[in-house]
Number of protein chains: 2
Amino acid sequence: MDDSPQEQVPETEAEPQYQAAVVDLLGVLAYGELTAFIRMAVDCDLAPTLALKSAMGQLAATDYANYKTLVEHMRSRGMDPEAAMAPFVAPIAVYHERTKPKGWLEGLVKAYVGEGIAKDFYREMSAYVDEDTRTVMQSALDDEGHAEFVVQIVRDSIHTDRTLAGRLALWGRRLLGEALSQAQAVAVERDAMSALLVGGGVDLGEVGRMFTRLTDNHQRRMSRMGLEA
Amino acid sequence: MDDSPQEQVPETEAEPQYQAAVVDLLGVLAYGELTAFIRMAVDCDLAPTLALKSAMGQLAATDYANYKTLVEHMRSRGMDPEAAMAPFVAPIAVYHERTKPKGWLEGLVKAYVGEGIAKDFYREMSAYVDEDTRTVMQSALDDEGHAEFVVQIVRDSIHTDRTLAGRLALWGRRLLGEALSQAQAVAVERDAMSALLVGGGVDLGEVGRMFTRLTDNHQRRMSRMGLEA
């Protein structure tokens, strides 16, 4: 074996700090999906029509399927999924506590915007992990386009109600703020995950550009729904 | 074509009243699964551990998958799933309104006992429908044994708490009573479904024996959990 650059990857993978970062990433992603599943199912209870209940149920069921994929992957790699998820129970609970939707429409916007930001973040992070981890992350991040119906429903709802448009725009800004604030809290707590970026040779400028991409994508989602970001 | 007995089946299937009964059966089964999915996900929010949340989430996700199977089957047969489910929204809402679990443990017992009774009833009904309908009903009635963990959890919980055992036994009796009372209300409202039994040459003695089987199975489930029926 020569020590060409690609041979460095397995060596990095064996490092305890790298492994801790992967466990954290999979843990937070899994617990995020489990919680998104529960929250969406709870909101779906409030949906005014059977068609909406059904579509929101589909979103929830997809979240659960993603959760299951991640848990099975962790088990197959000898990781303890419950231990991996545990550190993220509190920050995710705080996020959901602070962003309780008033009604099913705010619930839908929250799912589209909140999961959108979270998934963009995990997609960015997946650039810094090994192939195996990246594959399972990407498969768990695929919502099969089930969230697309949200865009049309929000556009239709605000079409005749400008007050609602203003209220949902504010709601979207609050969701972004709370998501970034909890992400910040997690970054401070979980050294290994932050080190994946910084220790992986990512400079602070690149971290800044990542946040710009996240907020740009957020604005794009808001504008697709017809809402000011 | 001769008019041997087996040739009668397609003829029966073409009858509008038979078709109405099948639409009703699939509609109530589908809406029951959708509602069970939502209720279980809501209860799962209260579960005290990650392992329980995960197991209850699995139950909920299986209910949704069953719902989806039924809806897809109805669409492929030219039935309108929403129209088929609509008549059952009110009675199922009344059932759930009258049997709101206090806490996740009552939620689990409700899922095991309530879905148990409902599924036994649908299994009985599936004897009176055509092969195609029976196949999709049976596949939607399969919970893949995911509810089995409930038995162990209830046994463990009452082991050290006899007051709880008494309370859950009462709860089980109430669930049976409310389920039968709503089933009765549906039978009065939906002529075609009742006629499937009575018009299908089923005498009242057989209907009585069916109810005996349903309550026997209920008692068996209660006793498996260590509860008096």
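A short reminder: the numbers here are calculations on the coordinates, not readings from a lab. Keep in mind it's a predicted model, so treat the numbers as computed, not measured. Cβ: placed from backbone, ideal geometry, glycine included. Neighbour counts: every protein chain shown.
General observations
- The phi-based Karplus calculation (6.51 cos²θ - 1.76 cosθ + 1.60; θ = phi - 60°) puts the 3J(HN,Hα) values of the stretch A:179-191 at 5, 5, 5, 6, 4, 4, 4, 5, 4, 5, 6, 9, 4 Hz, whole numbers, x for Gly and Pro.
- Cβ-placed point charges (K, R +1; D, E -1), dipole of the protein assembly as shown about Cα centre in debye, nearest 20: 2100
- Shortest-first distances to equivalent copies, position B:Gly166, nm, label 7 Å out along Cβ: 5.9
- Test item: B:33-39 mean partner chain Cβ contacts at 10 Å: 4
- Rounded if a/c under 1.5, otherwise prolate or oblate - the stretch B:97-229, Cα gyration tensor axes: prolate
- Applying the Karplus relation 6.51 cos²θ - 1.76 cosθ + 1.60 with θ = phi - 60° to the stretch B:26-43 yields 3J(HN,Hα) values of 5, x, 5, 5, 5, 5, x, 5, 4, 5, 4, 4, 5, 4, 5, 5, 5, 5 Hz, where x marks Gly and Pro.
- Annotation for the stretch B:61-97 versus the stretch A:169-229: alpha-carbon center distance of 39 Å.
- Plainly put, the tip 7 Å out from Cα toward Cβ on B:Gln219 is 7.1 nm from that tip on each other copy, the closest given first.
- For chain B, the relative contact order is 26 percent, taking Cα pairs closer than 8 Å that sit 6 or more residues apart in sequence and dividing their mean separation by the residue count.
- Total formal charge among the other residues, if their Cβ is under 14 angstrom from that of B:Asp142, Lys/Arg +1 and Asp/Glu -1: -3
- Across all Cα pairs in the stretch A:151-229, the calculated P(r) in 5 Å bins from zero up to the longest distance comes to 3, 14, 18, 19, 14, 10, 9, 7, 4, 1, 0 percent per bin.
- A point 7 Å from Cα along Cα→Cβ stands in for A:Ala90, and the other copies hold the same point at 5.0 nm, listed in rising order.
- Hits among lysines - C-alpha to C-alpha of B:Lys102 under 21 Å, sequence gap 8 or more where chains match: B:Lys53, B:Lys110
- When B:Asp80, B:Asp24 are arranged by Cβ crowding within 10 Å, least crowded first, meaning fewest neighbours, the order is B:Asp80, B:Asp24.
- For the protein assembly as shown, the fraction of alpha-carbon pairs in successive 10 Å shells from zero, as %: 4, 18, 25, 22, 16, 9, 4, 1, 0
- Scalar couplings 3J(HN,Hα) for the stretch B:68-84, obtained by applying the Karplus form with A = 6.51, B = -1.76, C = 1.60 to θ = phi - 60°, are 5, 4, 5, 5, 5, 4, 4, 4, 5, 9, x, 8, 8, x, 5, 5, 5 Hz; x denotes Gly and Pro.
- Packing-based exposure ordering (other Cβ within 10 Å, fewest first) of B:Tyr122, B:Tyr64: B:Tyr122, B:Tyr64
- Nearest beta-carbon to the B/A symmetry axis - residue in chain B, distance in Å: B:Ala41, 2
- For B:Leu46, B:Leu25, B:Leu108, the sequence from fewest to most other C-beta atoms within 10 Å is B:Leu46, B:Leu25, B:Leu108.
- Here each label is just a point 7 Å from Cα along the line to Cβ, and for B:Arg209 and B:Asp80 those points are 4.0 nm apart.
- Cα-only Debye scattering, chain B: base-10 log of I(q)/I(0) at q = 0.08, 0.11, 0.18 Å⁻¹: -0.31, -0.57, -1.38
- The simple Förster model, with R0 at 30 Å and r as the Cβ-Cβ distance, assigns A:Asp130 and A:Gln184 a FRET efficiency of 0.70.
- Rg over Rh [alpha-carbon atoms, Kirkwood Rh] for the stretch B:74-140: 1.05
- Sum of -39500 (n - 2.57) over DSSP H runs of 4+, divided by residues of chain A (222 nm, nearest 500): -26000 deg cm²/dmol
- As a rough guide to protection, the peptides B:90-96, B:53-59 ranked by mean Cβ packing within 10 Å, highest first, stand as B:53-59, B:90-96.
- Available extension along the chain between A:Gln219 and A:Arg173 is 15.6 nm, counting 0.36 nm per residue and deducting the alpha carbon span.
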